[in-house]
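Enquirer: Below is the structure I would like to discuss, written out as structure tokens.
Any read-out appearing in this document is the output of simple, stated calculations on the displayed coordinates, not a laboratory observation. These numbers come from a predicted model, not from an experiment. All Cβ positions, even for glycine, are placed from backbone atoms using ideal geometry, and neighbour counts span all protein chains on display.
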Amino acid sequence: MTEHLQVMTTMPTRAVARRIARELVRARLAACVQVLGPIESNYWWQGKQQVGREWLCLVKTTRARYNALVRRLGALHPYDTPEILALPVAAGSRAYLEWLGRETREDRADKAEGSKRRNQGIEGRGGQPEAGQKADVKVRKSKRRAGVAR
């Protein structure tokens with residue numbers, strides 16, 4: 001089952017994490033991105049020990065989409081050296097892993113790009129639009145009907 005990956009990355013703010021999460025899912029580079037936080041990170045940067053507040057993103061993707069995901073994250077990420085760590089999924093619910101594979105197929109990404117062009121007016125309003133929130137509820141209901149547990 002190593003064709004599925006969970007990729008971890010951290011973001012400086014919730015707004016940035018949400019924006020990048022939406023973009024990765026929209027582009028079908030991820031079936032799901034969970035934004036957790038704030039978290040406290042303790043790390044070395046430019047020779048000094050630092051402590052910072054960040055938001056952790058857990059990105060569900062496939063090995064086939066990983067290189068495109070890394071390229072897109074690199075283009076979108078505000079950090080000079082972003083954390084991008086991929087962990088193979090050793091096991092999981094068959095229904096969930098099938099759903100993950102379906103939602104990240106490259107042929108679906110082409111359809112998502114067309115959809116973005118049709119809906120560009122929504123993204124410019126700032127924050128998460130009501131329509132996006134309603135769509136999220138539909139996705140969750142749809143996943144439940146398909147027997148996909150989160």
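Enquirer: Just to verify a number: FRET efficiency for Arg14 and Ser41, C-beta to C-beta distance, R0 = 25 Å, to 0.05?
Expert: 0.95
Enquirer: Ok, one more. Return the sequence-ordered ³J(HN,Hα) values of the range 46-62 in whole Hz as given by the Karplus equation 6.51 cos²θ - 1.76 cosθ + 1.60 applied to θ = phi - 60°, using x for Gly and Pro.
Expert: Along the range 46-62, the couplings run 6, x, 10, 6, 10, 10, x, 9, 9, 10, 8, 10, 9, 9, 9, 8, 10 Hz.
Enquirer: Around Leu76, what is the net charge, scoring Lys/Arg as +1 and Asp/Glu as -1 over all other residues with Cβ under 11 Å from its Cβ?
Expert: Summing Lys/Arg as +1 and Asp/Glu as -1 gives +3.
Enquirer: Could I ask something else about it? Take peptides 4-12, 67-75 and line them up by average Cβ neighbours within 10 Å, highest first, as a rough protection proxy.
Expert: 4-12, 67-75
Enquirer: At R0 = 22 Å, how high is the FRET efficiency between Arg94 and Leu58 if r is their beta carbon distance? Nearest 0.05 is fine.
Expert: After rounding, the FRET efficiency stands at 0.65.
Enquirer: Need one number: nm distance between label points at Gln49 and Asp107, each 7 Å from Cα along Cα→Cβ, rounded to one decimal.
Expert: Simple spin-label model gives 5.4 nm for this pair.
Enquirer: Quick one: net charge of Leu36's neighbours, Cβ under 13 Å, K/R +1, D/E -1?
Expert: Net charge around Leu36: +1.
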